[in-house]
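Peer 1: So that we are looking at the same thing, I have put the structure below in structure tokens.
Since every read-out is calculated from the coordinates, none of them should be taken as a lab result. Just so you know, these numbers come straight off a predicted model, no measurement behind them. Glycine gets a Cβ as well: all are built from the backbone with ideal geometry, and neighbour counts include every protein chain shown.
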Amino acid sequence: PLSGRTAVVTGSTSGIGLGIARALAGAGAGVVLNSFTDNGSDHDLAQGIGAEFGVRATYVRADMSKGEECRALVAQAGGCDILVNNAGVQHVAPIDSFPVERWDTILAINLSSAFHTTAAALPGMRAKGWGRVVNIASAHGLTASPYKAAYIAAKHGLVGLTKTAALETAGQGITANAICPGYVLTPLVEAQIPDQMKAHGMDRETVIREVMLERQPSRQFATVEQIGGTTVFLCSEAAAQVTGTTISVDGGWTAL
Ligand code: NAD
């Protein structure tokens, strides 16, 4: 259903971004993978997806903490019908000792990058009269938890940017939506476990059960395949009037 479309997925060499790129390729879209590295393995990853799904797949290096590189990614992609703003980083610390440099970086990668890529992608989408912007926010784009000030502020901001993009593109064949995952077991989540163990004075299993999945009533992690499937839905014609909203994939977290 997405053949002939090209998707740019930021931060897509691992975790959710990779799952989304694979799902879009599986639906027939050409995909542009991205991260801030430029290793042979990055290009091999793209080549592997292209071979597996029979689509055009390339890798473009760009650092999502730098506005000019965000815009250059879209320019170099050779088309951007589907823009998935997925790159994101986390840091866990109380506000009064939150490192300023981490605050600035998290706001840049998790929020400002989506402003820059969206600004670069909209003219091409308008010219075609078709486009999809899918922003990977978080349950933390809708609710808060302690010790994640920068992430939560950025994700709430991303939801606001999503709504604004939807209003500015309404009726133009373009939609903008945010997916709000609960906990998905990816490298980003894995890396939080030691910090949470320290902050709460708990062992690994207790942190997973009592802290991480405590707010996810299903007590099950969501999967990257489920986030990929939700993205494919948002790119479908069934979702043509779904715009300016959030879809939670969080095992009931935000129903509490
Ligand atoms: P991950 O660490 O596995 O992947 C993050 C990706 O972003 C990597 O591919 C990394 O290379 C890339 N990236 C990091 N900094 C970058 C930069 N400066 N420039 C370009 N790329 C960069 O993390 P993930 O868990 O897959 O998270 C992906 C997105 O999903 C993030 O925005 C995250 O906030 C969001 N999210 C994750 C969860 C979860 O439980 N894993 C829940 C809600 C939201």
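Peer 1: Most exposed first by the Cβ proxy, i.e. fewest other Cβ within 10 Å, how do LEU188, LEU33, LEU2 rank?
Peer 2: LEU188, LEU2, LEU33
Peer 1: Extension gain SER218-ALA75, at 0.36 nm per residue separation less the Cα-Cα distance, in nm?
Peer 2: Using 0.36 nm per residue and subtracting the Cα-Cα distance, I get 47.4 nm.
Peer 1: At 0.36 nm per residue, minus the direct Cα-Cα distance, what do MET202 and LEU167 gain on full extension? Give it in nm, one decimal, please.
Peer 2: Additional length available on full extension: 8.1 nm.
Peer 1: Per DSSP helix of 4 or more residues, -39500 (n - 2.57); summed, then divided by the residues of the chain. What does that give at 222 nm, rounded to the nearest 500?
Peer 2: The per-residue figure over the chain is -13000 deg cm²/dmol.
Peer 1: Using the Karplus curve 6.51 cos²θ - 1.76 cosθ + 1.60 with θ = phi - 60°, what ³J(HN,Hα) values do you get for each residue of segment 232-242, in whole Hz, with x for Gly and Pro?
Peer 2: 4, 4, 5, 8, 7, 5, 4, 9, 4, 9, 8
Peer 1: Largest first and in whole Å, give the semi-axes of segment 83-173's equivalent ellipsoid, each being the square root of 5 times a Cα gyration tensor eigenvalue.
Peer 2: Three semi-axes, in Å: 29, 12, 9.
Peer 1: In which sequence would TYR147, TYR59 go, from the one with the fewest C-beta neighbours within 10 Å to the one with the most?
Peer 2: The fewest-first ordering by Cβ neighbours comes to TYR147, TYR59.
Peer 1: Next question, about the same structure. Filter the trypsin sites (Lys or Arg not before Pro) in segment 4-76 down to the DSSP loop ones having no more than 16 other Cβ atoms within 10 Å, then list what survives.
Peer 2: ARG56, LYS66
Peer 1: As a test of the definition: which semi-axes, in Å, follow for the chain when you take the square root of five times each eigenvalue of its alpha carbon gyration tensor? Largest first, please.
Peer 2: 29, 19, 18
Peer 1: Treat each spin label as a single point 7 Å out from the Cα along the C-beta direction, and report the ARG209 to THR105 distance in nm.
Peer 2: The two pseudo-label positions are separated by 3.4 nm.
Peer 1: Lysine pairs, Cα distance under 25 Å, 8 or more residues apart or cross-chain: how many in the chain?
Peer 2: Lysine pairs satisfying the spacing and distance rule in the chain number 8.
Peer 1: Also, I was wondering about something else. Quick check: the angle from helix 67-76's long axis to the longest principal axis of the chain, C-alpha only, nearest 10 degrees?
Peer 2: Long axis of 67-76 versus the principal axis of the chain: about 40 degrees.
Peer 1: Something else: Pull out the extension gain between GLN241 and ILE95, defined as 0.36 nm times the separation in residues minus the alpha carbon to alpha carbon distance; nm, one decimal. Could you put the intermediate results ahead of the total?
Peer 2: Numbers: separation 146, 0.36 × 146 = 52.56 nm, distance 3.91 nm.
Length gained, GLN241 through ILE95: 48.6 nm.
Peer 1: Which whole-angstrom value gives the distance between the alpha carbon centres of segment 69-97 and segment 170-222?
Peer 2: 19 Å
Peer 1: Given the peptides 149-157, 79-87, 124-132, arrange them by the average over their residues of other C-beta atoms within 10 Å, most packed first.
Peer 2: Ranking, from highest mean packing down: 79-87, 149-157, 124-132.
Peer 1: Which of THR243, THR143, THR231 comes first, and how do the rest follow, when ranked by fewest Cβ neighbours within 10 Å?
Peer 2: Neighbour counts put them in this order, fewest first: THR143, THR243, THR231.
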